[in-house]
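Inspection log for the structure reproduced underneath, given as structure tokens.
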Amino acid sequence: MRLSDDEKAIRDGAEGPAVAAAMDLLIRYGEALGAEHLCDTRNVAGTMTQPSPVKAKLVGEGGWHKAFSVINLDSDDEFEIPHMRVPTCQLQQGFGEDALGIAPYPASMVELQADAESFYGSHGVNILATCTPYQVGNLPVRGEHCAWMESSAVVYANSVLGARTNCEGTASTGAASLTGKIPCWGNHRTENRYGTHLIEATVPVEGFLDWGMFGYFVGDLVQENRPVVTGKLAQPDLTDLKHFGAATASSGGVEIYHIPGITPEAPTIEAAFDGPIPEKVGYGARERRAIYEKLNSQGESADVDFILLGCPHASLDQIARTARALDGRKLNNGTELWIMTPRALRTVADRNGYTEIIRKAGGRVLTDSCPAMSKSAPEGTRVFATDSAKQAHYLPAILGIEAWFGTLEDCVDAAVTGTWRGELR
Amino acid sequence: MTVEIRDIRGRGVVPGRAEGEALVSHQTISGWGGIDPATGTIIERRHELFGVCFTGKVLVFPGAKGSSGWSGFFQATRLLGTAPLAMVFTTLSTKSALGAVVTRVPTISELAEDPVEIIHTGDRVIVDADHGIVTVHSTSLSPSAGRRPA
């Protein structure tokens, strides 16, 4: 890999040993990829604060300086960690203090994470604590080179915003935060951003449920490739595309898609492809039904113990709709409802009175994490229901529970009655 | 019983040389939710290698899937002493490349032939990532000897 003079100087220690270790990791990683050079980034979204057994041990031995050196810089040495060189944010993490007494989750982990937040906060990491940084203060612009983790955020940044990021990892984002560099490979290069597959919806795709199901179909079909989707698509909003992208990155490994006329790099179908347009694959009533059944193939008992909304973290619109659906009602005795959202949006929900309406009904607005990240659902949960294709995909395997998938209204109905009555309409 | 030796040429992803027994997965592997770093085993329920330990093996697989936590989970196998001995994978992505880098084991990808089709679990394999060559010692039974022992 070709290095500039300033990159060589950093590697040789001009900015201190921690930054040199960061550059060493980026060189090893860039060479592993076969990248030709690094590019500059001023937008990093990574993970530093989430507790794990390995991290707890390292912190015990040498504090957060050691934990960052070993995990986020992949070094054997322990360095004094300087202030982040470029704007860096923390993605979703473990549960925080607001979940104590609600989510079965060790208080020691909550404490460790609070300690991490004060260390990293003082080193310039913005504690957004969400899988949707683009909702709360980190909205990259078109063409901006980023170093992001979190598959649902990566696909949103590339596709909806036209920013450029690969699906990075803990060490590459750690190294990027101290250097402002990342290998210029994959999605950073224009030639790797054009579509490879064309999918046409012949049934209407409108609303949160249908965008999620369509995404789950598309991801399963194209796997790691780059789909271009057209057809009977209603104008989507942020919430719809947040669900669509997360679903494509769950059933497959999609990092960028295009919707001609909607997403920025595809004004037309022709512009979405660099060359001939491939033959289209159809998504019709039969495919839609099959996806619905696939997402509901992990549910047997209709007795629902737990409703999970807000995956990826809920938008204000989703919180408002949940509050309206629950207003004046009471959750079934023995059924719990959590809606996950970034803490910054919870503040607005508090202010608007949404949190109070949900709380009065017996539900909870929680932040920072989710049942999958923290491996934690209400005590004794056997059957859960969700409006998220991603959570329905992952949570049964992670927690060994049954799953139902439907609309927000199906989920609220199950929360109030304790019985799953969802069906495809 | 005969031993067939063949070389597969590829590109060294992480330099180094290792020799050991192959563990072949025909399905892609998840890091987060897919492996347990404490025991070095595959924990994805529907996976063909569910419950199988990869520690000390040459892990041969088509590629990485799932969460961007992939590399962090494989780094943890190194820190906990449960890492594979080497890696050989068909498709290179940021997840698998960074994962191999932080696991710090000799790794080869972008091979002339698909390693998952050629290498069998139990084969003796030399991973020479400095030169980008995987040498496979396959023990193949003559047709009259019937099926390969389990």
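The values are calculated or read from the model by the stated rules, or taken from the named source; none is laboratory data. In this text the structure is predicted, and so the values were computed from the model without any measurement. Positions of Cβ are backbone-derived with ideal geometry, glycine not excepted, and every protein chain shown enters the neighbour counts.
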Qualifying residue in the range A:115-130 (condition: in contact with a Ser or Thr (Cβ under 9 Å, 6 or more places away or on another chain), hydroxyl-bearing (Ser, Thr, Tyr) and in a strand (DSSP E or B)) | no
Test: A:Gly299 is more than 24 Å from the chain's Cα centre (by Cα), crowded, with 19+ Cβ neighbours inside 10 Å and within 30 Å of A:Asp220 (Cα to Cα) = yes
If we only count strands (runs of 3 or more DSSP E) wholly inside the range B:1-73, which ones have 3 or more residues that are within 14 Å of another protein chain (Cβ to nearest Cβ)?
-> B:11-14
Within the range A:302-321, restricting to residues that are surrounded by 23 or more Cβ atoms within 10 Å (Cβ to Cβ) and over 21 Å from the mean Cα position of the chain (by Cα), the one that is farthest from A:Ala246 (Cα to Cα) is A:Val304
Return yes when A:Ser388 is within 14 Å of chain B (Cβ to nearest Cβ) and small (Gly, Ala, Ser) and no when it is not.
-> no
Does A:Asp98 meet the test of being under 29 Å from A:Leu161 (Cα atoms) and either away from chain B (no Cβ under 14 Å) or in contact (Cβ under 8 Å) with a residue 24 or more places away in the chain (or both)?
-> no
Quick check, is A:Pro278 away from chain B (no Cβ under 14 Å), over 30 Å from A:Gly121 (Cβ atoms), touching a Leu at 6+ places or on another chain (Cβ under 6 Å) and of a type outside the set (A, V, I, L, M)?
-> yes
Please specify each residue of the range A:171-204 satisfying the condition of being among the acidic types (Asp, Glu) and either modelled with pLDDT under 95 or outside any strand (DSSP E or B) (or both).
-> A:Glu191
Taking the options A:Ile102, A:Ile127, name whichever one is of a type outside the set (Asp, Glu) and closer than 16 Å to A:Val365 by Cα.
-> A:Ile102
Can we say B:Ala64 is touching a helix residue (DSSP H, G or I) at 6+ places or on another chain (Cβ under 8 Å) and among the small types (Gly, Ala, Ser)?
-> yes
Search the range A:57-81 for residues that are among the aromatic types (Phe, Trp, Tyr) and pair each with any residue that is part of a helix (DSSP H, G or I) and at pLDDT below 95 when their beta-carbon atoms are under 6 Å apart and the residues are at least 6 apart or on different chains.
-> none
So which residues in the range A:205-216 are in a strand (DSSP E or B) and either of a type outside the set (A, V, I, L, M) or within 14 Å of chain B (Cβ to nearest Cβ) (or both), if there are any at all?
-> none
Look through the range A:158-170, keep the residues that are assigned to a helix (DSSP H, G or I) and more than 17 Å from B:Gly66 (Cα to Cα), and return whichever of them is nearest to the other protein chains (Cβ to nearest Cβ).
-> A:Asn158
Scan the range B:74-94 for residues that are more than 9 Å from every other protein chain (Cβ to nearest Cβ) and either part of a loop (DSSP other than H, G, I, E, B) or on the phi > 0 side of the Ramachandran plot (or both) and report the count.
-> 6
Filtered residues of the range A:148-157 (kept if in contact (Cβ under 8 Å) with a residue 40 or more places away in the chain, in contact with a strand residue (DSSP E or B) (Cβ under 9 Å, 6 or more places away or on another chain) and more than 10 Å from chain B (Cβ to nearest Cβ)) | A:Val155
Do we find that A:Pro264 is surrounded by fewer than 16 Cβ atoms within 10 Å (Cβ to Cβ), over 18 Å from A:Phe208 (Cβ atoms) and either of a type in the set (Val, Ile, Thr) or in contact with a Lys or Arg (Cβ under 7 Å, 6 or more places away or on another chain) (or both) in this structure?
-> yes
Matching residues, the range A:184-201, being within 9 Å of another protein chain (Cβ to nearest Cβ) and farther than 20 Å from A:Leu91 by Cβ | A:Trp185
Restricting the range A:333-342 to residues that are crowded, with 18+ Cβ neighbours inside 10 Å and of a type outside the set (A, V, I, L, M, F, W, C), the one farthest from A:Thr367 (Cα to Cα) turns out to be A:Thr335
So, first residue under 15 Å from B:Leu92 (Cβ atoms) in the range B:104-130, second residue of a type in the set (S, T, N, Q) and not in a loop (DSSP other than H, G, I, E, B), Cβ within less than 7 Å, six or more apart or across chains; the pairs are B:Ala129/B:Thr107
Residue check: is A:Gly30 under 26 Å from A:Arg189 (Cβ atoms), touching a helix residue (DSSP H, G or I) at 6+ places or on another chain (Cβ under 7 Å), of a type in the set (Gly, Ala, Ser) and within 14 Å of chain B (Cβ to nearest Cβ)?
-> no
Do we find a residue being more than 25 Å from A:Asn296 (Cβ to Cβ), in contact with a Ser or Thr (Cβ under 9 Å, 6 or more places away or on another chain), surrounded by 21 or more Cβ atoms within 10 Å (Cβ to Cβ) and polar (S, T, N, Q) anywhere in the range A:344-361?
-> no
Given (1) touching a Pro at 6+ places or on another chain (Cβ under 9 Å); (2) crowded, with 22+ Cβ neighbours inside 10 Å; (3) β-branched (Val, Ile, Thr); (4) within 9 Å of chain A (Cβ to nearest Cβ), number of the condition B:Val102 does not satisfy | (1)
Find the residue count for the range A:221-245, including only residues that are without any contact (Cβ under 8 Å) to a residue 60 or more places away in the chain and in a helix (DSSP H, G or I).
-> 3
